[in-house]
Amino acid sequence: MIFNKNSNGSEELRVLTGSYYASNEFEKIGVKVELATEDLTTLIGLEVYQVAETHYLSDNYLSPVEPTPEPVEGDSGSLGAGIAPPDYAFRDKLVQYMQLPIAFMATMWHHQGNDLSHEDSGRKNKLDKNSESIAWEWQYNRDDAAALSNYRRAFDRLIRFMNANIDKLPEWKNSPAKKTSLSLFINTAEHFNRLFAIDDSPVFFLRLAPLMREVERKFIKPILGSERFDELKDAIKSGEELSGTDQELYDYVCDPIPLITMSMAVKRFSLTVIPEGVVQNFTSERMTQNANIPATIDLITAVSKSLYQDGIRVLNELKKFWSIENADETDETITEFLPGAKANDKFIAL
């Protein structure tokens, strides 16, 4: 755990969140900290978390004195000849960036569980009637929404930090989530956000990566064929500038992916993991008595269907472009009037 190293976990949570009392016993929130940590490591990978945890528990964390090499697996505790020491300033920041989303999520769960006291005689609402009053339901909802928003921003901040320092953190570069995202046609959150706004959230982009891979396999590969599909993907991975024809094809390939991916995401994901700018389509306006009512199945289905239809329309533009680019000379007359048609087609859907 990257909290409570010197029995000061409550103070760490207070400094990070501003809403947790340092006088509270850390043991009461410790389990929630562990659960929030597990949620985080599910996405970033256990190896990345262990780098931060090892550094946090060492004497080098925030140490004003000359650091000592941290032991690594299979090492006796000292660095071998020619091996540069770790960047401890970077690891200090990694710990702090990682602590923040864990703190926001853990304290939100803690506060939700303490709205009522739990006793042998049942649940009770205890307050001083002369100086305290129970909050309205919309106030609870707004407070939870604010905590969840802070969690998302803190998690996004962590991912941006790791992406910016990926050469210092090979555990992140080799993590399943990062490797999956780098293998895609749309391999950055910034690129995805230009085509479909996701609040510039790198965390949400990583959650979408498996769906994008499915979209590529089911919708893009059958159009291009395995050989051209692999050629274009290799060209993207190389990082070299694409030729004019390849660049145009790449743009056509990328356009439908976010729409079809999001049509799948709104049906498969919990709304709590979808960025606020996207989720506003599914929730009532806050400050109303119905703000806590979840989106209905009919609404989610309608939005998913609309996104899918838009995606298919854009996908058809890729089909037309690809057919024209690969048309034989005998196809020229037909494709002039019916883009995407070929002379040997047995039928055409108009």
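The values are calculated or read from the model by the stated rules, or taken from the named source; none is laboratory data. Everything quoted here is computed from the prediction, not taken from an experiment. Note that each Cβ is placed from the backbone with ideal geometry, even for glycine, and that neighbours are counted across all protein chains shown. Ligands, DNA and RNA are excluded from the accessible area calculation, which covers all protein heavy atoms including side chains. Shrake-Rupley method; radii C 1.70, N 1.55, O 1.52, S 1.80 Å.
For segment 152-192, enumerate the residues that are closer than 30 Å to His111 by Cβ, without any contact (Cβ under 8 Å) to a residue 60 or more places away in the chain and open to solvent by 30 Å² or more (accessible area, probe 1.4 Å).
Arg153, Arg160
Determine which single condition Phe219 fails, assuming it passes every other condition in (1) assigned to a helix (DSSP H, G or I); (2) without any contact (Cβ under 8 Å) to a residue 60 or more places away in the chain; (3) not aliphatic (A, V, I, L, M).
Here Phe219 meets the rest and fails (2).
Restricting segment 234-273 to residues that are farther than 23 Å from Arg313 by Cα and touching a Ser or Thr at 6+ places or on another chain (Cβ under 9 Å), which is modelled with the lowest pLDDT? Step through it out loud before you land on a result.
As a first pass, look at segment 234-273 and keep what is farther than 23 Å from Arg313 by Cα: 234-244, 269-273.
Cutting the leftovers down to touching a Ser or Thr at 6+ places or on another chain (Cβ under 9 Å) gives us 235, 237, 271.
Numbers: Ala235: 92, Lys237: 87, Leu271: 71.
Looking at the filtered set, the residue picked out is Leu271.
Has segment 132-143 got any residue that is modelled with pLDDT under 95 and within 25 Å of Val48 (Cα to Cα)?
Going through segment 132-143, the residues modelled with pLDDT under 95 turn out to be 132-143.
Add one more test, that the residue is within 25 Å of Val48 (Cα to Cα), and what stays is none.
So far as segment 132-143 goes, no, none of its residues is modelled with pLDDT under 95 and within 25 Å of Val48 (Cα to Cα).
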